[in-house]
Each structure stands twice: as C-alpha cells, then as structure tokens.
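No lab work stands behind these numbers, since they all come straight from the coordinates. Just so you know, these numbers come straight off a predicted model, no measurement behind them. Heads up, the Cβs are rebuilt from the backbone with ideal geometry, glycines too, and the neighbour counts pull from every protein chain shown.
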Amino acid sequence: MTTTAPASESQTFAITEEIAVRASLEQTFASLVAQMGRLNENPDGTPMPMILEARPGGRWYRDLGGDNGHLWGFVQSIKRPTLLEIWGPLFMSTAATSNLLYRLTETPDGTLITFRHTLVGPFPDEHRPQLRSGWTALHARVRKAAESTEK
C-alpha cells in the first residue's frame, strides 16, 4: 500500500493494493460485486449492506430503507470480468471526490486484482488509517468468498 503526501502538502490521497485470488476472473468479479454490495460490512464485521447497480451509470449507495440512505458513487466504467470503476463522494462529508478503480487480470494461479483509490480535495488526516483498513478488510472478504466458491 502506498500513500501520497498528506493533506497539508497536497489535496490528493491515493491508496493502491494488489490482491492475489486463487479463483477465476468471473468468480472473483462476482465476489467483488457482492462484497461491495449486499454482503458489505464494516471492518469490525458489523453488516453495512450496500446496493451496487453493476452497470454504467449505476449507483453505489447505502440503503437505510424507506427511501433513506447515502449515495457513495456511480459506476463510471464496467467491463465484466476485468474492470470496475466508481466515481463519487463515497462516505465524504467534505468537498472531496473519489475514484475507485479495480482491474482484474488472469494469472497462472487465478486472478490479480489491482486496486487504486484516488481521493481529490480536502480530507482530514485522522481518517486516513480508517480508509486503509476499510479497503484491506473488504479485499480480504472478496478473496475469501471467491476462493471458497471456486471449484
């Protein structure tokens, strides 16, 4: 994982991660969509179900019921099973915006997910460690779910 300069020096923050998954591209992509959506949870394991409309322009949002919730972003690009890109505010209450990019590549052992989260705009330094741990927890669940269903 790498991080760019802190907010005091730059308005850009980026996280990159590579996740090796012992499962097919198709199974890994399906796991990614499920874990980002209906099976999503907080790093502590408490459920945080989201809706991910996996199509161009589709929304990614937290549904609180009764037409209440929080918009996290929109599907910018999708090319099953190798690309998912989401743009939007994510969980920010500031003027920052984010871009999430997932590229999946077939490898001899399964699939390599290359993830990049780029955040542009003001972002409190104290939230940075939580951001890293949240993505790491999500990616661990994606890998575990994909590998457990692969034949």
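Scattering from the C-alpha atoms of the chain alone, worked out with Debye: what is log10 I(q)/I(0) at q = 0.11, 0.12, 0.17, 0.18 1/Å? Debye intensities relative to I(0), on a log10 scale: -0.41, -0.49, -1.00, -1.12.
Computed extension gain for GLU26 through GLN11, at 0.36 nm per residue and net of the alpha carbon distance, reaches 1.8 nm. Can you tell me the dipole magnitude for the chain around its Cα centre, using point charges on the Cβ only (Lys, Arg +1; Asp, Glu -1), in Debye to the nearest 20? With only Lys, Arg, Asp and Glu charged at Cβ, the dipole is about 300 debye.
Kindly express, to the nearest 10 degrees and within the range 0 to 90, the angle between helix 128-149's C-alpha long axis and the longest C-alpha principal axis of the chain. For 128-149 against the chain, the angle is about 10 degrees. Available extension along the chain between LEU64 and THR107 is 11.6 nm, counting 0.36 nm per residue and deducting the alpha carbon span. Principal-axis analysis of the Cα atoms of the chain puts helix 25-36 at an angle of about 40° to the longest axis. Over the stretch 12-149, what is the relative contact order in whole percent, taking alpha-carbon pairs under 8 Å and six or more residues apart? The value is 31 percent.
With a sphere of radius 13 Å drawn around the Cβ of ASP63, what net charge do the other residues whose Cβ falls strictly inside it have (Lys, Arg +1; Asp, Glu -1)?
Every neighbour counted, the sum reads +1.
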